[in-house]
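All remarks here apply to the structure that follows.
The values are calculated or read from the model by the stated rules, or taken from the named source; none is laboratory data. What you are looking at is a predicted structure, and each value in this text was computed from that prediction instead of being measured. FYI the Cβ positions are ideal-geometry reconstructions off the backbone, even for glycines, and counts take in every protein chain you see. What goes into the accessible areas is simple: the full protein's heavy atoms, side chains included, and nothing from ligands, DNA or RNA. Shrake-Rupley method; radii C 1.70, N 1.55, O 1.52, S 1.80 Å.
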Amino acid sequence: MRKFIEIIKNIWKIEDLRNRLLTTLLFVLIYRFGSFVVLPGIDPTALTALRAQTAGGLMALLDMFSGGAFSNASIFALGIMPYISASIVIQLLTIAVPYFQKMQKEGESGRQKMNQITRYLTVAILLFQGPSYLVNLSVQMAQAGQMLEVGFNWFTISSTILLCAGSMFVMWLGERITDRGLGNGISFIILIGIIARFPAAIIQEFSSRLNDAGGGLIVFILEIVILLFVFAFAIMLVQGTRRIPVQYAKRMVGNKQYGGVRQYIPLKVNSANVMPIIFAQAIMFIPIALAGFSNAESASAFTRAFMDNDGFWYNFVFAILIIVFTYFYTAIIINPVQMAENLKLNNGFIPGVKPGKKTAEYIDTIMNRLTLPGSVLLAIIAILPAFARLFGVSMGFAQFFGGTSLLIMVGVILDTLQQIESHLLMRHYDGFFESGMRIKGRSGAMAY
């Protein structure tokens, strides 16, 4: 405890780090405040049916990603998911469309163009999701006894504009956190939405277990222990790596000798991090979008099956999509041919493997062997909340036993700690851990 207080003091002494922390806190407060600003013309007391609808199923995940703004009929109700969906589409296009492939190779200018296209696509998705959200809102408010006219009228147009502007503003906040705060702004926005639900979820679970006859408190303690175990397992999955030894040949430049050292290429078990789950989750949101956020009873049997995130078919398809997207995203971010070329240009080689094509094949083989167990473990973590629900854990608390929420929490927290640790060690202050221990974020970088 004494060391932790000392670290906090050291953080406050570093002006740049202090400013980044305060800037991040300011943007988080703005985001949380906006999640309670209700759309004009909506009576907050008539949202009981909407909150009941978002208590379980995929709607609960939508509400979690928006930090509760979805169930509050807030101007931030659509959250950051439309931007993530647009990013997924653009990344898919970089594989299938030559124009986007060329743009990706243009460096910083190409990245800026792709970001601009992503924003335009986000607006298009919002213009579709906004009216759908309002249709669902009118249905839920009708159950509470308040009529809400939705059609081609001023209320629909103005509310859709506000919903679009709210989501774009949330995206802007995420970008500002990335530039001026602690980094990973979009992920940080999602993390805040998840953490905001945790206190209420754990209090609800504790209260329900206390009311259980026969060992309810013991069951609750056991749930906490299992949650900590799953959390530790997720950290191991995020940080797990295999190191490939690389030898650099000796070479003389003038009177100086370079090379002759041995280093390692760290290949992560889960190189794709949480992105496959986010990709798969975006796909699984399609039934809700097609149904126009309607009630499950009015949807077809096929749609109902994929709107029940505790059901077998939902979790089976979800797990398969995660495995597929893990391979897909790993193939995007890890290029064995490029890695082999870089080694060759720097007079490096893997002992026992010929440079060039053989090195690329060797790295590709290693990545395939790592990706298979990594993708399966990622899929298992993703569907753990469904198993928790089978054992009677409440919906709100079960979401923290795995899935997107847990991995985003682990990944973003590790990344944030890594950022702070780097600032501390750069200025010769002690970090969060003892000397020799390391924090590895999702990017694979290490802080000593």
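Probing with 1.4 Å while keeping every protein chain in the model, the per residue accessible area of segment 170-245 equals 51 Å². Taking each residue as 0.36 nm, the span from VAL219 to PHE169 lengthens on full extension beyond its C-alpha to C-alpha distance by 13.8 nm. Ligands, DNA and RNA are left out, and with a 1.4 angstrom probe the accessible area of segment 18-105 is 41 Å² per residue. Can you list, bin by bin at 10 Å, the percent of alpha carbon pairs in segment 1-142, starting at 0? P(r) over segment 1-142, rounded to whole percents: 10, 27, 24, 23, 15, 2. Here the spin labels are modelled as points 7 Å beyond Cα on the Cα-Cβ line, and at ALA52 and ILE5 they lie 5.0 nm apart. Shown here is the pair-distance distribution of segment 63-216: with all Cα-Cα distances grouped in 10 Å bins from zero up to the longest one, the shares run 10, 29, 28, 20, 9, 3, 0 percent.
The packing ranking, built from the mean of other Cβ atoms within 10 Å per residue, places the peptides 8-17, 80-89, 360-369 in the order 80-89, 360-369, 8-17, highest first.
Return the carbon/sulfur percentage of the accessible area of segment 132-208, one whole number, probe 1.4 Å, all protein chains in place.
C and S fraction of accessible area: 68 percent.
Between ILE235 and ILE333, residue separation times 0.36 nm minus the direct Cα-Cα distance comes to 33.2 nm.
Site pair ASP212 and LEU22 shows an inter-label distance of 4.7 nm when each label is modelled 7 Å from Cα along Cα→Cβ.
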